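The values are calculated or read from the model by the stated rules, or taken from the named source; none is laboratory data. Since the model is a prediction, treat every value here as computed from it, not as a measurement. When we count neighbours, we look across all protein chains shown, and the Cβ atoms used for this are built from the backbone with ideal geometry, even at glycine. To get the accessible areas, we keep the full protein, side chains included, count just its heavy atoms, and leave off ligands, DNA and RNA. Shrake-Rupley method; radii C 1.70, N 1.55, O 1.52, S 1.80 Å.
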Amino acid sequence: VDEPPSELDMKDLVVFVDPLDGTREFVEGRLNAVQSLIGVCYKGKPLMGALGLPFPSEPSPSKPQAVFGLIGRGVGKLQIVHDESSIEACELHDPRHYCDGDTVNISSGDSGSIQRYLDLAEDLIAGKVERQVVGATGNKILCVALGDSTISMIHTKTSLWDTAAPTTVLEALGG
């Protein structure tokens with residue numbers, strides 16, 4: 001979907017909700033990787049999504065935030081204000097884009113099932129490679145969308161409720 005359609009047929013819409021993306025991270029206390037995801041797909045492709053960041057780590061300390069995107073329209077970010085009685089729009093920094101010769105940042109989980117793919121990626125990429133262990137599928141894709149990672153390796157057990165919302169933000173930013 002390059003542009004949001006002016007009219008939608010409800011039978012072509014699917015809404016995916018993942019109230020706790022990063023369950024393992026939540027249990028382990030790695031709260032900055034936990035997100036709540038809502039993604040809307042139209043005819044099987046991501047159209048719009050929102051990522052709730054209940055425990056953001058930047059800037060520290062930070063209030064809960066939401067990052068959202070609509071294909072063909074862009075992205076935005078909201079944050080609870082200091083008195084916690086209202087919400088305000090806040091700046092979503094421009095993502096850093098990869099330039100030839102830059103260090104390639106590969107975000108992945110710590111699952112052994114993707115280790116051989118990480119090794120292969122390092123072998124194929126000429127230049128500096130830096131690995132980042134990042135938890136939760138939505139968080140990995142958001143890291144790419146915001147330019148904090150160049151590539152994200154995601155295990156094969158990922159589902160549409162994990163990817164619909166963050167993929168929308170990534171694509172709305174031109175990724």
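Odds and ends about this structure:
- In segment 41-70, the residues that are in contact with a Gly (Cβ under 7 Å, 6 or more places away or on another chain) and either within 16 Å of LEU146 (Cβ to Cβ) or aliphatic (A, V, I, L, M) (or both): MET48, GLY49, LEU51, ALA66, PHE68, GLY69
- Looking across segment 145-157, just one residue is surrounded by 22 or more Cβ atoms within 10 Å (Cβ to Cβ) and either assigned to a strand (DSSP E or B) or not small (Gly, Ala, Ser) (or both), and that is SER152.
- Annotation for segment 52-64: at least one member residue is under 18 Å from THR137 (Cβ atoms), in a strand (DSSP E or B) and either in contact with a Cys (Cβ under 6 Å, 6 or more places away or on another chain) or modelled with pLDDT of 90 or more (or both).
- Leading residue by the ranking (nearest to GLY29 (Cα to Cα)) among those in segment 123-142 that are open to solvent by 20 Å² or more (accessible area, probe 1.4 Å) and assigned to a helix (DSSP H, G or I): ASN139
- For segment 123-158, the set of residues classified as in contact (Cβ under 8 Å) with a residue 24 or more places away in the chain, more than 18 Å from GLY52 (Cα to Cα) and out of contact with any strand residue (DSSP E or B) (no Cβ under 8 Å at 6 or more places or on another chain) consists of GLY147, HIS155, THR156, listed by residue number.
- Applying the condition of being touching a Pro at 6+ places or on another chain (Cβ under 7 Å) and of a type outside the set (Gly, Ala, Ser) to segment 115-148 and asking which residue is modelled with the lowest pLDDT yields LEU146.
- From the list GLY49, GLY44, GLY39, the one residue that fits, being on the phi > 0 side of the Ramachandran plot and either open to solvent by 70 Å² or more (accessible area, probe 1.4 Å) or of a type outside the set (Ser, Thr, Tyr) (or both), is GLY44.
- Under the condition of being part of a helix (DSSP H, G or I) and open to solvent by less than 100 Å² (accessible area, probe 1.4 Å), the residues counted in segment 1-30 number 4.
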